[in-house]
Each structure stands twice: as structure tokens, then as C-alpha cells.
Amino acid sequence: MTIETHKTFCRFCHAYCAIEVDVEGDVPVAVRGDTDDPIYGGYTCIKGRQLPAQYATPKRVRNTLKRQPDGEFAVIDIDDAMDEIAKKINHLIDQYGPRSVATYIGSYGYQNSAALHLAKAWHASVGSTSYYTSVTIDQPARRIAASQFGTWGGGTHAFTDADVCMMIGNNPVVSQYTPFGGPPPFSPYARLRAEMKKGMKVIVIDPRKTEVANRATLYLQINPAEDPTLLAAFINFIFKEELYDQTFCSHYLQDIEQLRQLVAPFTPEYAAARCDIAVDDVINAARIFATAKRGVAVTGTGPNMAPRAILTEHLVLCLNYICGRVNKMGERVPNPGLLQPPRPRRAEVKGAQPAFHHGPKARVRDLGQIIGEMPTATLNDEILMEGEGQIKALICLGGNPMVAFPDQDKTKRAMEKLDLLVCVDLYKSATAKVADYIIAPTLSLERDDITMLTDTWYDQPYSHYTRAILPKNDQSREEWEIYWELSNRSGIPMDLAGGQLSTERRPSKYEVLEMLTPGSRIPLKEIASKGKGAIFDEVQVIVEPGREDHGALLQLMPEGISEQLAEVARETYWQTGKIMDAGQEYTHLLISRRLKHVFNSSGQQLEPLQKKGTTNPAYMNPEDLESLGLNSGDLIEVQAAAGSLVGVVEGAKDVKSGVISMAHAWGDIPDNFGDVRNKGASTNRLVDDDRTFDKISGMPRMSAIPVNVRYVPEEVA
Ligand SMILES: Nc1nc2c(c(=O)[nH]1)N[C@H]1C(S)=C(S)[C@@H](COP(=O)(O)OP(=O)(O)OC[C@H]3O[C@@H](n4cnc5c(=O)[nH]c(N)nc54)[C@H](O)[C@@H]3O)O[C@H]1N2
Ligand SMILES: Nc1nc2c(c(=O)[nH]1)N[C@H]1C(S)=C(S)[C@@H](COP(=O)(O)OP(=O)(O)OC[C@H]3O[C@@H](n4cnc5c(=O)[nH]c(N)nc54)[C@H](O)[C@@H]3O)O[C@H]1N2
Ligand code: SF4
Ligand SMILES: [Mo]
């Protein structure tokens, strides 16, 4: 059989690398980076190259499965399944109100360019506010902090052309994830090398000497969760040495004096002692950052999973803005985004509009909607708690709550309590195993998509529309299509930016994407006509002068910030060396991380990737192993106030002493642990959601978790 080569982009993760796929008949046989692509230049990673294995694996769900009375799954035709699901959902809405039907969109909802929009549109169409995504257990703090700070109309500095990049608890070389000014999400090594060759200085702040830390100009091996201390010290030093952008500050920043006073106790010496790093490193980092002409400080999941994420994000904004890290009048905005209508970029402040404390309330912990969504850390309780507003049905789209949500035992109780759980999942995941229906998703190579999610992440005006390169399995559905199926069966239309979607005629993906991008800077048709990724050089956006009557200021002291920083200053545990939680003393802090060969729980199923490891090791410093009498490969119990797990310990010199570095989204449903060496263990067994949560985002402490460790003989585990 002949082999045909197609251009497309990889959707195993959100980096969307441009690839070429060799297809034999209808079967993908090889994936290569597309060396023609103007920005990706041929880059791929080990996960993307396994798309043929993902396509071929017998573990893949190829038909809709329905749970039978005996608990086993049986194949059901997709149309019959959707009839049953729609009937049940309509019935629940009639009986208990629209809020009883919820959606949770996990990471693979983001890999389909129409899923989020249609899910949201469907929820709006039926009046259900029970819309949840993984964003609210990821880095909601960044958007919450920005919403109460205000934004700069001209945008902030990009990685390209920056003279300094400070990375605080992110590891883009592994995660390919820095949409907010770090290295663009592709060939991160190459991009880092290229910029460093041009003179960029890179500062990395992380308790683990990560892949990116190994490349850094300056690396600070900070104690977990001490980011607010260190950032406050940077800001204090920059004020003291007058290294800030005084012109910008005097025109656009409010409350600079209050901030100056508040950070005054955070001297370099104090921060160094607390973070367990050298005083000179604190000073040098602050000086390098502030004296560079252009630059960015960016964060990742590390500090966002740790306590006080909003404070950390706020201090990062303060750091960037007091140093004037913005595109000023007359400067070019490197990429204004191509899929939205053009709008002027002005040298003025868009005032703060806190994205919380309005809209619907959760029924627990006095939490409410954030960034237009309900907080995912409350979803379990909304299912478990009886009464008006209780969630009875959940559509789980490309997510795996059983291993990703805080508090695994509670998640299991919640998933099992539902009257209806529909999982749209490629595999019988830990969550799908307890579902009533598992729907086979149309695979990435079988569908049209555009680089919607990353549209504004690129540092150039780039876009890529791909056609489906493989025929679709007629028993599968795209993630967005599930909502169209519901709309079709209820007759309630969905409103999209470009108009109302017909409930009668199934739209093509292209039509849906056109209705999501009306009036876009570059028409969808033009992007699609390229047949590959392209840079649209004609997009030249220059920052215009600010308007005379537009006097909004950036807010350095929004509500709650000064109290939180004062609370940090009062803490003394770092002096005593005692890690306390719920009245108990602990020896280590367990932090989160990502592994190169999997994407959260995805990829753990594929043999070629299993060769890189079938468990999520508990990485610890070899000195810690020695003092605990442990050897690499031993089983250990990791015990926290909220629960415990059994994991496989692994010595790793890059992990700071006193710290355990362990990836999330491994393991199985709690009843079915066993065999941790081949399944891993969920770190969310160590997390509870009602003690350590953030008062705005609801996110509990999911990193920097106090734990004890003990050896477990093989026969006990
Ligand atoms: N303790 C702790 N917990 C965490 C984190 C942490 O760092 N520490 N990180 C948090 C973060 S950042 C996130 S984003 C969440 C992740 O939370 P989730 O997104 O809920 O978890 P994933 O494991 O990514 O789930 C993805 C699911 O999609 C399925 N899938 C794969 N391909 C496809 C496809 O093409 N279509 C469909 N429909 N499904 C597909 C996979 O089989 C898998 O079941 O976890 C959070 N939880
Ligand atoms: N290969 C791969 N890529 C992925 C994923 C994956 O599972 N595998 N997951 C995807 C997802 S869902 C997301 S959200 C992104 C996340 O992307 P990143 O945020 O870049 O994720 P990590 O690689 O875990 O980097 C977080 C870093 O924070 C450090 N850290 C932990 N606690 C602290 C702390 O208290 N302070 C500081 N300063 N650092 C701390 C950890 O040691 C780790 O190096 O990655 C995505 N990309
Ligand atoms: S980084 Fe890897 S998994 Fe992500 S899009 Fe690129 S090739 Fe695919
Ligand atoms: Mo994430």
C-alpha cells in the first residue's frame, strides 16, 4: 500500500507542534516534525511521536459503552446512547432545575478548538451555571490576580527580545507550557538557547533543579511555598536601590507607597534565611531582573498549587509592572492574536474588574464563581450535598477527576453518587470506569482544528488550520458535538459569537469554527487556505497613545493583599524548622511536577511511553534517602494530614533536601490500588479540600504538602 504524507498539528498536548503524518491506507504509521513550519521548525516530542500507537492501541475506546445492571460495559450505538442521555438530562432539568446538570472539562477539552465554547454555550442555553473546568484547579490565581490589578492596553513584554526571563515554579522544557511570556510552547530548548545566545539572562526559582534550571544564568533553590517572601524581597530591594521605572510608576500605578512600606520587612537577608538560599543570589536576581531593558517574570503550577497563589501572582504583577515591563506607545505588539476582531492597543490602563464575588454562589465554603466558572474544588461537594441545587448528572469531557481532583476518596464517593456520569474519553480511565456511559471521542487526526487556544501565546502572528487527515469513526463524536446532540434533542439552540447554531442540521467543524471567530483579524478561510501553519506578517499592531480621559490606574493594593503579606511576615515555622499541619509535625514537603513522557494521566497507557516509566516516582534527595535508611526503588508510605499513599521512592540529586517531588494524575480508583509499580499513585490522596483552601479560588493546597515518609515492605503494599 502506498504511504501518503499529510501536514497537520499534534494535539497530544497544548503545544500544537506542526507535524507530518505518514498514513498507510487509513492508518497513521509515522509522525515527524514539519521542518517547513515557520515557527515550529520540525520540533516534536516523545509523546507526539506516539500518535500512531494511540491510534492502534487495543485499549482505546472505539464505541460507546453503557454500564449494564451487572456493572459490566456493553457496546451501544452512539445515537441510541445520546437519545438516552438527552432524555435523562432533560428529565433532571425538569425535575431539579438546570443546575443539577454539570460539565467538567479536563485537559483534552482544551485540545479541541470548539469544545469549551460549545459546552459553555449549551450551559447558557439551558440556564445551568454548573460549568467546571480544570482551569480552576490549575492556575486560576493568575487570572484572578490580574483581574483585580488591571491590565496594560499595550500588553506586556514577550519572551522574544527580552533581556531577562525569570521563571518561578514552571519548567517549560518539560511542560511546554508558558503562555504568559515565557519561552513559546515549542522547541523550548532551542528557543532558550537562541535567546540566551543573544544575551538573555535566565533566572529560575524552584525547589527542584529542573531541566530549565540547568540552563539558567542564576538558579535559586527555594523552599517550597516561599515565593511570596522572595518576591516581596525583590520588590523591596528594587525600591531601595531605585531600580524601578519611575516614570511609568508615577503615571500608571496606584498605592506605590503602601506597597513600599509593606515589603520593607522583607530584606534580602530575611528572604535568604527563610527560603534557604544565599543573600547574594536574592540581590543578584533582583538586580539582574530590574536592570535589564526588557523582560518578563512568569510563574507556573508550582507556586499556583501552593498556598497563597493569588498573593504570589499579585507580587509577580507588581514586580513586572514596577519595572515597566510593558509595550509602550509606538512599540509593536508582537502578536495581537489572529482569531479575534481587531481592536486598538493603547498605552493606557484597563481598570481592575475583579473576576470573583459576583454571579452564582457555590453551596459550600462561601465560594462562588471565579473567572466565569464554578470552582472545580467544590464540584464533589455539590454532588454529595443533598438539597436544592445538588448536581445529579455530570458530563466529563477529556478529564479524569478520579486522579486529578483534590481528595481522591471524596471524588470517588461523588462520582459514584451521580445519577448520570457520561465520560467522553479515549480510554477506560480511572473515572470512566465508574461512568454510566463512555463515549468514544473523534481522535485528533480525524478532525479539523485550529490553534485557537494558543492564538495569543505565540510571539509572532501565527496560525494553523488543519483539516482532518483520517476518516472519522462514525461511532465517535467530537467533544463539542456532544452538546450539539443535546441541543438537537431538546430543540434549545445555542448562541455562539457568530449567531445561533441550528438545532436541526449537524454543522461541520469548519462551520462551527467560523461561528466562533466572526470578524477575526484574519478570516478563518484565509488561514485554512494555507493548508499548513503560517505567519501573517501583514499584522502589524503598534501601541497607540492612551486616551486623555482614560485615567484608570493599576492597583498595587487590592483587597486582602496587605493582610496576606502581613500574615506571611508573622510566620515563624522557618525559624523553628518545624513543619506543622493540623497539630502534627511533619518532616517533608511534597511538591508537584510534570513528567516528560506523559501528559497528566494520558500516555500512561501506551507501550512505547511505558518504557520511560510506569509509575510516578516519589523523587527525593539521596541524602534524605540515606538518613531515612531507604534505597531507590523501595516502596514508601507518604502520609499527610488528609490521607496517605504508597509510592516508589527514587533518589534524585536535583530535588532539594526536605522535599519530595511527585507527579499527579497517576494511580487508579481507590479500591483498585495494588501494583503501584505499574500504575503509580494519586498525590490527591494527600489533599483535602476544606481546610487549606484559598478563600477566593477555593483551590486547596495541592503542592508544598506536609508529609512523613516510612518504608513499606513489599508484602504489605
Ligand atoms: N495534586 C495535584 N493535582 C493536580 C495537579 C497538580 O499539579 N497536583 N495539576 C492540576 C492540573 S494543572 C490539571 S490541568 C488537572 C488535570 O486534570 P484532568 O484534565 O481532569 O486530568 P487528565 O489526566 O489530564 O485527564 C485527561 C483525560 O482525557 C482523556 N483523553 C485523552 N485523549 C483524549 C481525547 O482526544 N479526547 C477526549 N475526550 N479525552 C481524551 C484521557 O484518557 C484522560 O482520562 O489536574 C490538576 N490536579
Ligand atoms: N510532559 C508534560 N507536559 C505537560 C503536562 C504533563 O503532565 N506532562 N501537564 C500540562 C499541564 S496540565 C500544565 S498546567 C502545565 C504546567 O506547566 P508547568 O507549570 O511548567 O509545570 P511543571 O513542569 O510541573 O513545573 C512546575 C515547577 O514548579 C516547581 N515547584 C513546586 N512547588 C513550588 C513552589 O512552591 N515554588 C516554586 N517556585 N516552585 C515550585 C516544581 O518543582 C516544578 O519544577 O504543563 C502541561 N504540560
Ligand atoms: S510537545 Fe509533543 S505532545 Fe505536545 S504538541 Fe508537540 S509533539 Fe505533541
Ligand atoms: Mo494543567
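Every read-out reported here was derived from the displayed coordinates using simple, explicitly stated rules and does not represent laboratory data. Source: prediction; values computed, not measured. Backbone-built Cβ (ideal geometry, glycine too); neighbour counts: all protein chains shown.
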Quiz item: Taking the Cα centre of each part, how many Å lie between region 5-83 and region 448-478?
Solution: 13 Å
Quiz item: Could you work out Rg/(2.2 N^0.38 Å) for region 140-350, with Rg from alpha carbons only?
Solution: 0.96
Exercise. Positive end of the charge dipole of region 571-712 (Lys, Arg +1 and Asp, Glu -1 on Cβ, about the Cα centre): tell me which of ASN600, ILE579, GLY629 has its Cα farthest that way.
Key: ASN600
Quiz prompt | Protection proxy ranking of 5-11, 614-620 - average other beta-carbon atoms within 10 Å, highest first | solution = 614-620, 5-11
Quiz item: What percentage of all Cα-Cα pairs in region 343-467 are separated by more than 26 Å?
Solution: 44 percent
Quiz item: Amide H to amide H under 5 Å from MET166: which residues, 5+ apart in sequence or cross-chain, H placed 1.01 Å off N in plane?
Solution: ILE203, VAL296, ALA297, VAL298
Quiz item: Across region 382-387, in residue order, what do the Karplus-derived ³J(HN,Hα) couplings come to in whole Hz, using 6.51 cos²θ - 1.76 cosθ + 1.60 with θ = phi - 60° and x for Gly and Pro?
Solution: 5, 7, 7, 7, 5, x
Quiz item: Looking at this model, which pairs from LYS412/LYS509; LYS88/LYS120; LYS201/LYS328; LYS88/LYS679; LYS410/LYS656 are more than 29 angstrom apart at the alpha-carbon?
Solution: LYS412/LYS509; LYS88/LYS679; LYS410/LYS656
Quiz item: Taking the Cα centre of each part, how many Å lie between region 147-198 and region 291-359?
Solution: 12 Å
Quiz item: Once the other residues with Cβ under 11 Å from the Cβ of VAL649 are scored (Lys, Arg +1; Asp, Glu -1), what is the net sum?
Solution: -3
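For the chain, give me the percentage of DSSP beta bridges that are antiparallel, rounded to the nearest 5 percent.
Of all bridge pairs located within the chain, approximately 55 percent are antiparallel.
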Quiz item: Amide H of SER187: which non-local residues (sequence gap of 5 or more, or other chain) have their own amide H closer than 5 Å, using H built in the peptide plane?
Solution: none
Quiz item: By how many nm would the segment from ARG710 to ARG193 grow when fully extended, if each residue of separation counts as 0.36 nm and the alpha-carbon distance is taken off?
Solution: 182.0 nm
Exercise. Round to a whole angstrom and tell me the spacing of the C-alpha centers of region 688-704 and region 594-640.
Key: 25 Å
Quiz prompt | With 5 Å bins from 0: P(r) over region 571-712, alpha-carbon pairs, percent | solution = 2, 10, 19, 22, 21, 14, 8, 3, 1, 0
Practice problem: For THR156, enumerate residues with amide H under 5 Å from its amide H, sequence gap 5+ or separate chain, H modeled in the peptide plane. | Solution: ASN327
Exercise. Take peptides 161-170, 688-697 and line them up by average Cβ neighbours within 10 Å, highest first, as a rough protection proxy.
Key: 161-170, 688-697
Quiz item: To the nearest 20 debye, what is the magnitude of the charge dipole of the chain about its Cα centre, counting +1 on the Cβ of each Lys and Arg and -1 on the Cβ of each Asp and Glu?
Solution: 1000 debye
Quiz item: lysines near LYS87 by alpha-carbon distance under 18 Å, same-chain residues fewer than 8 away left out - which ones?
Solution: LYS66, LYS392
Exercise. With +1 on each Lys and Arg Cβ and -1 on each Asp and Glu Cβ, and nothing else charged, work out how big the dipole of region 140-350 is about its Cα centre, in Debye to the nearest 20.
Key: 800 debye
Quiz item: If the chain were replaced by its equivalent ellipsoid, with semi-axes equal to the square roots of 5 times the Cα gyration tensor eigenvalues, what would those be, largest first, whole Å?
Solution: 37, 32, 26
Exercise. Please sort 102-114, 578-590, 412-424 by packing, taking for each peptide the average over its residues of neighbouring beta carbons within 10 angstrom, highest first.
Key: 102-114, 412-424, 578-590
